[in-house]
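What follows is one structure encoded as structure tokens, with my remarks underneath.
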């Protein structure tokens, strides 16, 4: 879904930047777009692997912000970006229902019989990171479903369709009272690195937007949504 940033007094005379960003960046990048001056920012959110595929197939994107390095490397390898830089980090967290009714306190608990667990699909960054964390913990989980982006995992838990999932800490925070979060110890957790790049054929304002995201103001916005520094 495409979302246009507001605040431009004269949209017809103002350039528009097409920004493809990981689903976990939804709220943060809406705020970044609203604070950025000089161009309207058209936002397209989704799983990083899906966005990367769209870009390599010719989607008209000018900036790509990924939740993992692998998706970015696919774009770079296809000749769609020459350089990229990490602009934020994130950590995993267990997402459970409000009040944690199933008493889930660790990754090991996800293997309990009868528990309905949803994860991101393995090709999606949050799925790959979850697999790494489960591997560190020595836990095997058979998910009831594998979702195409992290927001879908949160939604299923929020609706009571699943008991738990593994998502980013920022997504638990963004969901507010609809869900609760359970910390994953540092020894079992994974640091997610978010790279950003200006894409081939982008207009001059695309680089300005990337610079803004990486600036002190852009970093303050990201920190306000729970993202860590690069």
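The values are calculated or read from the model by the stated rules, or taken from the named source; none is laboratory data. Note that this is a predicted model, so its numbers are computed, not measured. Note that each Cβ is placed from the backbone with ideal geometry, even for glycine, and that neighbours are counted across all protein chains shown.
Of the residues screened, residue 77 is not one that is surrounded by fewer than 22 Cβ atoms within 10 Å (Cβ to Cβ), touching a residue at least 60 places away in the same chain (Cβ under 8 Å) and out of contact with any helix residue (DSSP H, G or I) (no Cβ under 7 Å at 6 or more places or on another chain). Of all residues in segment 207-219, those that are in contact with a strand residue (DSSP E or B) (Cβ under 7 Å, 6 or more places away or on another chain) and either outside the structural domain of residue 79 (by TED's automatic domain parsing) or surrounded by 18 or more Cβ atoms within 10 Å (Cβ to Cβ) (or both) total 3. The set of residues from segment 131-144 being in contact (Cβ under 8 Å) with a residue 40 or more places away in the chain and within 21 Å of the chain's Cα centre (by Cα) comprises 132, 133.
Rundown of residues vs (1) surrounded by fewer than 20 Cβ atoms within 10 Å (Cβ to Cβ); (2) closer than 14 Å to residue 191 by Cα; (3) in the same structural domain as residue 216 (by TED's automatic domain parsing), yes/no style:
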| position | (1), (2), (3) |
| --- | --- |
| 67 | no, yes, yes |
| 81 | no, no, yes |
| 96 | no, no, no |
| 105 | yes, no, no |
| 112 | yes, no, no |
| 118 | no, no, no |
| 127 | no, yes, no |
| 138 | yes, no, no |
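Take segment 150-189 and flag every residue that is over 21 Å from residue 224 (Cα atoms) and part of a strand (DSSP E or B). Passing the criteria: 164, 165, 166.
When the test is whether a residue is over 27 Å from residue 59 (Cα atoms) and not in a helix (DSSP H, G or I), residue 143 passes it. Here residue 147 clears all of (1) surrounded by 15 or more Cβ atoms within 10 Å (Cβ to Cβ); (2) farther than 30 Å from residue 195 by Cα except the condition numbered (2). Of all residues in segment 220-230, those that are surrounded by fewer than 19 Cβ atoms within 10 Å (Cβ to Cβ), assigned to a helix (DSSP H, G or I) and touching a residue at least 40 places away in the same chain (Cβ under 8 Å) total 1.
For segment 190-198, check the following and say yes or no: at least one residue is outside the structural domain of residue 127 (by TED's automatic domain parsing), assigned to a helix (DSSP H, G or I) and touching a strand residue (DSSP E or B) at 6+ places or on another chain (Cβ under 7 Å). Scanning segment 190-198 turns up no residue that is outside the structural domain of residue 127 (by TED's automatic domain parsing), assigned to a helix (DSSP H, G or I) and touching a strand residue (DSSP E or B) at 6+ places or on another chain (Cβ under 7 Å). Screening residue 204 with (1) assigned by TED's automatic domain parsing to the domain that holds residue 57; (2) in contact with a strand residue (DSSP E or B) (Cβ under 8 Å, 6 or more places away or on another chain); (3) farther than 20 Å from residue 66 by Cα gives one miss only, at (2).
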